[in-house]
Amino acid sequence: MGSLGETVSRPKKFNTELTDYSKFHVDSIGPYAQNPEVDALIVGAGFAGIFMLKTLRDRGLKTVIYEAGNDIGGTWRWNCYPGAGVDSEVPEYEFSWPEVYETWNWPNNYPDYQDLRNYFDHVDKVIGVKKDCAFNTVVIGAQFDTVEGKWRVETADGRTTKAKYLVLGTGFAAKRYIPPWSGMDKFKGIIHHSSFWPEEKINVKGKRCAIIGTGASGVQITQAWGPEAGDLKVFQRTPNLAVPMRKRDLTVEEQERIKPYYPELFRYREASFAGFLYDWCERNTFDDTPEEREAFYEKVWKEGGFRYWVALYKDNLFNAEANKESYKFWAKKTRDRIGDPKLRDLLAPWEMPHYFGIKRPCLESTYFEQFNRESVHLVDIKNNAIKEFTETGITLEDGTHHELDVIAVATGFDVVTGVMTQLGLKSIDGTELEKDWIPGANTYLGTTVSGYPNMFHIYGPHGPTLLSNGPTSVAVQGRWIADTIAKIEANGVKYINPKVEAASKWKKHIVELNDRSLFPTTRSTYMGGSIPGKVYEPVCYSGGIPAYAIEIRKALDDWENGFDVVKA
């Protein structure tokens, strides 16, 4: 696939690359014009892309979105696997635009993918998104011309677009990861990656099914397939320290009643560490007696969601002994839900597999109860990995063979950095971002990259990203990007290019912040993910959203310290 990275050579039994979705467009008007010129080109039509489209359009810039998928919604168009849903509550997880929220109500506090698709369709009706989107349009190359002061962006269908600004609203999870297992093309049953799931429902009644992976998508598919499948095997390498979601229906009346307070709630979500409507307890773990601790954990546990992660004691992600206390409570509560003692030790061992909360927890409703079913089995592959696929199933390293009809590959993504390295981006020096970042990611402020003038990214490397609620980070970073572009326009600037030394300083800052925490103790999405051979490094800003917002605003005030500012 050229600049989109190496793929395992196999017949296309199932989709593995974004370019599998590229289509040639015969339209020659609007966002599908053959060789258009715009002020700003946005990649991705999820929360980030749509936020930027409206914000830049409102400021008078001619702006379009290129989206690899066939509709708006980003994650929620791609992720239609069984049980797919969001792990942030509403109204935290939505746009703060009154014209959108005043005419919208949710069915429950944790929407599923269909609810979110309906929401994005509503957003389109209100503000008009799709008229400025080119769908099935996959970016495969881009380079900035310093003489012309414009980006030249190539797409898989053969178009070249010029834009003064390139905004990557591609998030953290757009590059899927499929391990190079041999024989995948031989398997005669149904097989799909969770994030390239087909729209049509796959019937698993009476079928022998497998889920490979126990991240968020693996947990959600397990909850959906457990009650339906004839036989279900969940292949686990590491237990998921999932916490209760506490999903409930919402009435129109209760939503309408609090809408007058939404502006304050949206302001408050930016004042909390992780962008939610709750924050750390102001005490440290051992400030409380054991009895007080137990009562506090119990209260937070009952409230549900990510509260039992980022509304615990303020030292929980920093103090190892404190963290063990929160894990002990998690293990006790979770083990109580699992009948088989052997399964208890695999799913919720007393000995922690890693510190609690240093992998982003998943939210669940009935995940652990699924393993109490006679038809649901846990296959421990920690020390007995998958060796190969056969025509009829999966063989492990010890020779055990599992006969299967349907397989969900829930192996996740090349997180955070992989999204940007798959776009074929080239610096003004002709180097490729994909190669530049092999030793590690480098950004300035978690929004820009040295050597890539007038290019901005949202919810990606070195921002609050995985340590935050998406729409909160998008709003904080998106407004900054729009204000930066406004400053460029107002001052007759051709382009800004982050200084190498400023990016090095920011990277050092990211590492220092991270080193204060327990994050470096485990290979996780916060430390670059689990892709074999990928550098082990922090990829998220771990100082919290309020501190981050202050830092990037100060950098914009003093922009000549961090950017080469080139006048037109």
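Two decimals is fine: what is log10 I(q)/I(0) at q = 0.13, 0.17, 0.27 Å⁻¹ for segment 447-518, from a Debye sum with one equal scatterer on every Cα and no solvent?
Values returned for q = 0.13, 0.17, 0.27 Å⁻¹ are -0.45, -0.74, -1.25.
Tally Lys/Arg at +1 and Asp/Glu at -1 over every other residue whose Cβ is under 13 Å from the Cβ of Val38; what's the total?
+4
Of all the Cα-Cα pairs you can form in segment 356-464, what percent are over 19 Å apart?
Tail fraction, whole percent: 65.
Which value in deg cm²/dmol, rounded to the nearest 500, describes the helix-derived mean residue ellipticity at 222 nm for the chain, given -39,500 (n - 2.57) per DSSP H run of n ≥ 4 and division by the residue count?
-8500 deg cm²/dmol
Using only alpha carbons, build the gyration tensor for segment 212-253 and give me the equivalent ellipsoid semi-axes, biggest first, whole Å.
Semi-axes, largest first: 25, 15, 7 Å.
Once the convex hull of the C-alpha atoms of segment 463-568 is built, how many Å³ does it hold per residue, rounded to a whole number?
Spelled out: Cα convex hull of segment 463-568, divided by residues, is 115 Å³.
Please report, in whole Å³, the volume per residue of the convex hull around the C-alpha atoms of segment 81-162.
Measuring per residue, one finds 159 Å³ for the Cα hull of segment 81-162.
If amide hydrogens are placed 1.01 Å from N in the peptide plane, which non-local residues have theirs closer than 5 Å to the one on His193?
Excluding prolines and chain starts, which carry no amide H, the hits are Val409.
Once you compute Rg and the Kirkwood Rh from C-alpha atoms, what is the Rg to Rh ratio for segment 259-353?
Answer for segment 259-353: 1.06.
Using the Cα centre of segment 306-392 as origin and beta-carbon charges of +1 (Lys, Arg) and -1 (Asp, Glu), tell me which of Phe329, Val310, Phe368 is placed farthest towards the positive end of the dipole.
In segment 306-392, that residue is Val310.
Order of Met352, Met184, Met52 from fewest to most other C-beta atoms within 10 Å?
So the ranking, lowest neighbour count to highest, is Met352, Met184, Met52.
Starting from the Kirkwood radius over alpha-carbon pairs of the chain, derive D by Stokes-Einstein at 4 °C in a medium of 1.567 mPa s and give it in µm² s⁻¹.
53
Cα centroid distance between segment 75-90 and segment 281-322, in Å?
For segment 75-90 versus segment 281-322, the Cα centre distance is 28 Å.
What lysines does Lys205 reach when the alpha-carbon gap must be under 29 Å and sequence neighbours fewer than 8 apart in one chain are set aside?
Lys12, Lys13, Lys186, Lys188, Lys233, Lys247, Lys342, Lys382, Lys387
Give, in nm to one decimal, the length gained when the segment between Glu228 and Glu199 is fully stretched (0.36 nm per residue of separation minus the Cα-Cα distance).
Once the chain is fully extended between Glu228 and Glu199, it gains 8.6 nm.
So if R0 is 22 Å, what FRET efficiency would Asn384 and Glu321 give, r being the distance between their Cβ atoms, rounded to the nearest 0.05?
For Asn384 and Glu321, the calculated efficiency is 0.10.
5 Å is the cut-off here: which amide hydrogens, built 1.01 Å from N in the peptide plane, fall below it relative to Cys281, excluding neighbours closer than 5 in sequence?
Hits under the 5 Å cutoff: Leu312, Tyr313, Lys314.
By how many degrees, 0 to 90 and rounded to 10, does the Cα axis of helix 47-58 deviate from the longest principal axis of the chain?
20
Over the chain, what is the percentage of antiparallel beta bridges among all DSSP beta bridges, to the nearest 5?
40
Hey, with R₀ at 35 Å, roughly what FRET efficiency would Asn108 and Arg59 work out to, going by the Cβ-Cβ distance, to 0.05?
Once rounded, the FRET efficiency stands at 0.50.
Tell me which residues come under 5 Å, amide H to amide H, from Ala142 once H is placed; ignore anything under 5 positions away on its chain.
Hits under the 5 Å cutoff: Glu154, Leu425, Lys426.
Can you sort Phe235, Phe318 so the residue with the fewest Cβ neighbours within 10 Å comes first?
In increasing order of surrounding Cβ atoms, one gets Phe318, Phe235.
Rg to Rh for segment 308-377: what is it, with Cα atoms only and Rh by Kirkwood?
Using Cα coordinates only, the ratio equals 1.00.
Based on the Cβ-Cβ distance from Arg516 to His122, what FRET efficiency comes out when R0 is 41 Å, to the nearest 0.05?
Working from the Cβ atoms, E equals 0.50.
List the relative contact order of the chain as a percent without decimals, with contacts defined as Cα pairs under 8 Å and 6+ residues apart.
Taking the mean separation of contacting Cα pairs over the length of the chain, I get 19 percent.
Where does helix 545-557 land angle-wise versus the long Cα axis of the chain, in degrees 0 to 90, nearest 10?
Once rounded, one gets 10 degrees.
Going highest first, how would you order 277-284, 39-46, 533-540 by mean Cβ packing within 10 Å?
Those peptides, ordered most packed to least, come out 39-46, 533-540, 277-284.
Once the Cα atoms of helix 320-335 and of the chain are each reduced to a long axis, what angle between those two axes, in degrees from 0 to 90 to the nearest 10, is obtained?
Helix 320-335 sits at roughly 60 degrees to that axis.
No lab work stands behind these numbers, since they all come straight from the coordinates. Not measured: the values here are computed from a predicted model. Cβ: placed from backbone, ideal geometry, glycine included. Neighbour counts: every protein chain shown.
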